[in-house]
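S.K.: Below is the structure I would like to discuss, written out as structure tokens.
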Amino acid sequence: MVEVARDVVQQVPKVAGAGDMFQLLRDGKPRTRADLAAVTGQARSTVAARIDLLMAAGLIAPAGEATSTGGRPPATFAFAPSAQVVLGVDLGATHARLAVTDLASTVLAHREMPLLITDGPRAVLDRVAETGRELLREAGRSTAELAGVGVGLPGPVEHATGRPNNPPIMPGWDDADVPGILGERFGAPVLVDNDVNIMALGEHRAAWPGVADLLFVKVATGIGAGIIADGALRRGAQGSAGDIGHVAVPGVTDVVCRCGNVGCLEAIASGQAVATQLEGATTPADVVAMVRAGDVTASQAVRQAGRDIGAVLATSVSLLNPSMIVIGGALADAGEHIVAGIREVVYQRSLPLATQHLRIVTARTGTQAGVLGASAMAADQALSPEAVDRLVA
Ligand SMILES: [Zn+2]
């Protein structure tokens, strides 16, 4: 009965407030009051009052005059992304990247530094808070102007609470209250997600904003995927959607994974797994260097890793029908070899309708994907209809 009642409520048209109207302006295009009245179906006076509220909050600004068909040309308004700033934080196993950006993820100040995640949440988050404040000063902005903080962590995160959940390479972090600890330091909302999800978000927003269905695959020390469907990041019920590293590769029975299972994709085709197979390589970066130096054995190993990843991605393609698969992470720097291996198997194993318009490419945002995604996640929250309504109230 409850489900039925909910459906009925959703069918009642929502009376759009200032926060809802603002969503129409987030694309940055200037619009007149008449444009907004036409789209929302609201009275001109209602639209005018909401524009005044959004202007007073600094979220939109006059953007010149529209062309007129006679008489005084009407004024236009557009999103003002510099109204506030957000802090994006991308934490890896041995490094951190931080950026203060405006609300459209334009980077205003940026820092990359070595930082050991194994130092534990207190020490690492202290360092993040200190560096974040330095970057705010560098950007000439204050903590009062900070609308939110987005954080990516190199392990599983329960999305609803922002707490890491049994992260294998993050001793001391299990169930750590990351949003609470950082929120106290900055006095702003803090959102936390795993590194692959924020990379997917960053790559999607910066490089492929028009692609509605995209699968981002990170191939580095481990393997994971971030799912963009209908233009939005999909995290699943607990936040672990896209965790393909421990899916079994068909036919592999002799390789034991660190998780205890046999034949996991990560144990066979990750950058670390390939490095272990190759004499002279210990890290994914070594593998990339060997491929670039023209080492045939390394190139073949990377291509085979691509095929194994492709075998698992073929199933993902059947489930999700993405129009684009983007390969990121350290092993993506090995270039065409990995993508060629993935293409070979995905195109062979998927139905023509699913692959007709499917593109498989390497990521464009490189090492910046995570920090851009963390910024976008925080900005999305700060600019949600509910947050904007609170701000203008
Ligand atoms: Zn495993």
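S.K.: To the nearest 20 debye, what charge dipole does the chain have about its Cα centre, counting +1 at the Cβ of each Lys and Arg and -1 at the Cβ of each Asp and Glu?
M.R.: Using only the charged Cβ atoms, the result is roughly 980 debye.
S.K.: Continuing with this model, one more query. Mind ranking 88-98, 70-80, 253-263, 45-55 by how tightly packed they are, going by the mean number of other C-beta atoms within 10 angstrom, highest first?
M.R.: Averaged packing, sorted descending, gives the order 88-98, 45-55, 70-80, 253-263.
S.K.: Continuing with the same structure: At 1.4 Å probe size, with no ligands or nucleic acids counted, give the accessible surface of residue 184 in Å², nearest ten.
M.R.: 150
S.K.: How would 29, 218 line up by accessible area, probe 1.4 Å, largest first?
M.R.: Heavy-atom accessible area, descending, gives 29, 218.
S.K.: When the helix-only estimate is applied to the chain (DSSP H runs of n ≥ 4, each -39,500 (n - 2.57), divided by the residue count), what is the mean residue ellipticity at 222 nm, nearest 500 deg cm²/dmol?
M.R.: -12500 deg cm²/dmol
S.K.: Follow-up question, since we're still on this one. Can you give the local net charge around residue 372? Use residues other than it whose beta-carbon is closer than 14 angstrom to its beta-carbon, Lys and Arg +1, Asp and Glu -1.
M.R.: Charge balance near residue 372 sits at -4.
S.K.: Averaging sequence separations of C-alpha pairs under 8 Å and six or more residues apart, then dividing by the length of the stretch 300-370, give the relative contact order as a whole percent.
M.R.: 46
S.K.: Further question on the same structure: Got a sec? What order do 240, 350, 142 fall in by accessible area at 1.4 Å, biggest, i.e. largest, first?
M.R.: 240, 142, 350
S.K.: Please report the relative contact order for the stretch 239-365, taking Cα pairs under 8 Å with a sequence separation of at least 6, and give it as a percent rounded to a whole number.
M.R.: Computed value for the stretch 239-365: 22 percent relative contact order.
S.K.: Next question. What does the charge count around residue 384 come to, taking other residues whose C-beta lies under 12 Å from its C-beta (Lys +1, Arg +1, Asp -1, Glu -1)?
M.R.: Net local charge, residue 384 excluded: -2.
S.K.: What is the Cα centroid distance between the stretch 60-133 and the stretch 203-245, reported in whole angstrom?
M.R.: The stretch 60-133 and the stretch 203-245 have Cα centres separated by 21 Å.
S.K.: Given H placed 1.01 Å from N in the peptide plane, which residues other than close sequence neighbours of residue 325 have an amide H under 5 Å from its amide H?
M.R.: 215, 359, 360, 361
S.K.: To the nearest 0.05, how large is the calculated FRET efficiency for residue 212 and residue 390 if R₀ is 22 Å and r is the Cβ-Cβ distance?
M.R.: Here the calculated transfer efficiency is 0.15.
S.K.: May I ask what percent, to the nearest 5, of DSSP beta bridges between residues of the chain are antiparallel?
M.R.: 60
S.K.: Quick one: ranking 185, 292, 122, 234 by accessible area, 1.4 Å probe, largest first, what do you get?
M.R.: From most accessible down to least: 292, 122, 234, 185.
S.K.: What accessible area, in Å² to the nearest ten, does a 1.4 Å probe give for residue 145?
M.R.: 60
S.K.: Can I ask one more? What is the stretch 253-360 by shape, rounded, prolate or oblate, if you read a ≥ b ≥ c off the alpha carbon gyration tensor as root eigenvalues and call it rounded for a/c under 1.5, prolate for a/b larger than b/c, and oblate otherwise?
M.R.: Taking the square roots of the gyration eigenvalues as a ≥ b ≥ c, the stretch 253-360 is oblate.
S.K.: So which helices of the chain fit the span-like rule, where a helix is a whole DSSP H run, its Cα atoms reach 27 Å or more along the axis, and its mean Kyte-Doolittle is at least 0.5?
M.R.: Helix filter hits for the chain: 296-320.
S.K.: Something else now. Tell me, what are the semi-axes, in whole angstrom and largest first, of the equivalent ellipsoid of the stretch 187-345 as set by the roots of 5 times the Cα gyration tensor eigenvalues?
M.R.: Values for the stretch 187-345, descending: 26, 17, 16 Å.
S.K.: Over the chain, calculate the relative contact order: mean separation of alpha carbon pairs under 8 Å at least 6 apart, over the residue count, as a percent.
M.R.: 17
The values are calculated or read from the model by the stated rules, or taken from the named source; none is laboratory data. Just so it is clear, the structure is predicted and the values come from calculations on it, not from any experiment. Heads up, the Cβs are rebuilt from the backbone with ideal geometry, glycines too, and the neighbour counts pull from every protein chain shown. Remember, those area values only see protein heavy atoms, side chains included, never the ligands or the DNA or RNA. Shrake-Rupley method; radii C 1.70, N 1.55, O 1.52, S 1.80 Å.
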